[in-house]
């Protein structure tokens, strides 16, 4: 079933990649120029004055990127960590910079997001494999997510690493076996666990991919705290059997920090201390980007909050192009009802079955990752007007799991009401509807609006 979901995602996503007009994915020209710079110079770019021009960008988007207006000045993503662009550079070189080839590369990374969402959900709710399949399907068929995965940007790799990281975190958390250890002066030291090293390596790659993937670090720290607490509780009366966490800590964080330090050191050398992420330079260069305080002065706090909520909701499900292509208002009404039903079903699952299917701390870990993503989104919008629901996509593992649990809960209620084994219709019908909406959105809204 997972293979069918991935195949359907790739089939729909390929249509988005082929038929979405050039540069009509948010920030796609700037991401493309980053890759081109690496291929042309053999070096990483730096973010400099004049590489973000709000007026020129507005003209490009309003005129649908006419060929007489060059995208070359759009270099404002040059502050981003380099891993996605380095991986894409050989394909750029082989294909002579073909945009479709790069879009399909991102789409393939998005398939990995679906697969590891399934694996992570399976670790979270191991007794119900159908839950993991539906979580993967929910992730696969959000129209806005497909549109983003079918564009040139580093979101696809970032989301993949987050999904892999959460899968490893849940595996470590669910693994209750004792690690091999050696004893010195009646104190037990655990031998390095390769799974901790692997997780540290994934976190390190996340550090050099995108800042939104940094959420893995505190979640990894949280799972360590859970494991240490469990070890101490199991040997509360035997002090000499308590494991010291030194090797686990080293195995996890040393690879992550060593990989990340390569990028941070380079940024300090280029931008100066303390700008180890390039964020200070970025804020300076994009100074004319719309700011929240300016909107509040012009429109009032109430109107800004209304726009924030409406646009965030719409752009999570589908507000395409450079946020200029909206779906029919009736579609958003249906999606609002769907969202309310998903929320209610998830709450019902939590009340009735959530504590029975898996350790509650699995839910705590995933909820913490979702809350961190939400916090970053709110924090960013305190300064800049970035009402884009796609910034929730780094939390698609917990969101997809919650949606799946909700749909299965509704299926159980249908079975109870009809006394027939038809509960599977709720998740299958929902996923089929989302897939159909993704296809319809492309042909009904995106292509007519952008061509």
TODO: Highest first, please rank the peptides 155-168, 68-81, 322-335 by the mean number of other Cβ atoms sitting within 10 Å of their residues.
DONE: 155-168, 68-81, 322-335
Open item on the list: Highest mean first, how do 50-56, 199-205 rank when packing is the count of other Cβ atoms within 10 Å averaged over residues?
Closed with: 199-205, 50-56
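What's the FRET efficiency of residue 48 with residue 246 using the Cβ-Cβ distance as r and R₀ = 35 Å, to the nearest 0.05? Mind dumping the intermediate values first?
On the way: r = 44 Å, r/R0 = 1.24.
Here the calculated transfer efficiency is 0.20.
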TODO: Return the distance in nm (one decimal) between the two label points of a simple spin-label model at residue 449 and residue 56, each offset 7 Å from Cα along Cα→Cβ.
DONE: 2.6 nm
Open item on the list: What are the extents of the Cα atoms of the stretch 257-406 along their three principal axes, in Å, largest first?
Closed with: 54, 44, 27
Open item on the list: Sorting check: for 273-286, 408-421, which peptide has the highest mean count of neighbouring beta carbons within 10 Å, and how do the rest follow?
Closed with: 273-286, 408-421
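Using a ≥ b ≥ c from the Cα gyration tensor of the stretch 351-451 (square roots of the eigenvalues), is it rounded, prolate or oblate, where a/c under 1.5 gives rounded and otherwise the larger of a/b and b/c decides, a/b for prolate?
It comes out oblate by the Cα gyration axes.
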Task: Computed lengthening from residue 289 to residue 273, 0.36 nm per intervening residue step minus Cα-Cα distance - done: 3.3 nm
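Take every Cα pair under 8 Å in the stretch 57-150 that's 6+ residues apart, average their separations, divide by the length, and report that relative contact order as a whole percent. Walk me through the numbers on the way to the answer.
Numbers: 48 pairs, mean separation 19.0, N = 94.
Over the stretch 57-150, the number comes to 20 percent.
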Open item on the list: Suppose a student asked you for the relative contact order of the chain, using Cα pairs under 8 Å spaced at least 6 residues apart; what percent would you report?
Closed with: 21 percent
- [ ] Starting from the Cα of residue 383, step 7 Å along the direction of its Cβ; do the same at residue 229; then give the gap between the two resulting points in nm.
- [x] 3.3 nm
Task: Inter-site label distance for residue 298 and residue 367 at 7 Å from Cα along Cβ, in nm - done: 3.9 nm
- [ ] Any chance you could run the full-extension gain for residue 307 through residue 127? It's 0.36 nm times the residue separation minus the Cα-Cα distance, nm to one decimal.
- [x] 60.7 nm
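Per-residue ellipticity at 222 nm for the chain, helices alone: DSSP H runs ≥ 4 residues times -39500 (n - 2.57), over residue total, nearest 500 deg cm²/dmol?
On the way: 20 runs with 305 residues, N = 451.
Here the helix-only value at 222 nm equals -22000 deg cm²/dmol.
Hey, with R₀ at 25 Å, roughly what FRET efficiency would residue 329 and residue 3 work out to, going by the Cβ-Cβ distance, to 0.05? Intermediate results must be reported in sequence, preceding the final value.
Numbers: r = 36 Å, r/R0 = 1.45.
Here the calculated transfer efficiency is 0.10.
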Open item on the list: What would the Debye equation give as log₁₀ I(q)/I(0) for the stretch 2-450 at q = 0.06, 0.07, 0.10, 0.13 Å⁻¹, counting only Cα atoms as equal point scatterers?
Closed with: -0.28, -0.38, -0.77, -1.25
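Quick note: the coordinates plus some simple rules give every number you see, no bench work behind them. As the structure is a prediction and not an experimental result, all values here were calculated from the model. Note: ideal-geometry Cβ built from the backbone for every residue, glycine included; neighbour counts use all protein chains shown.
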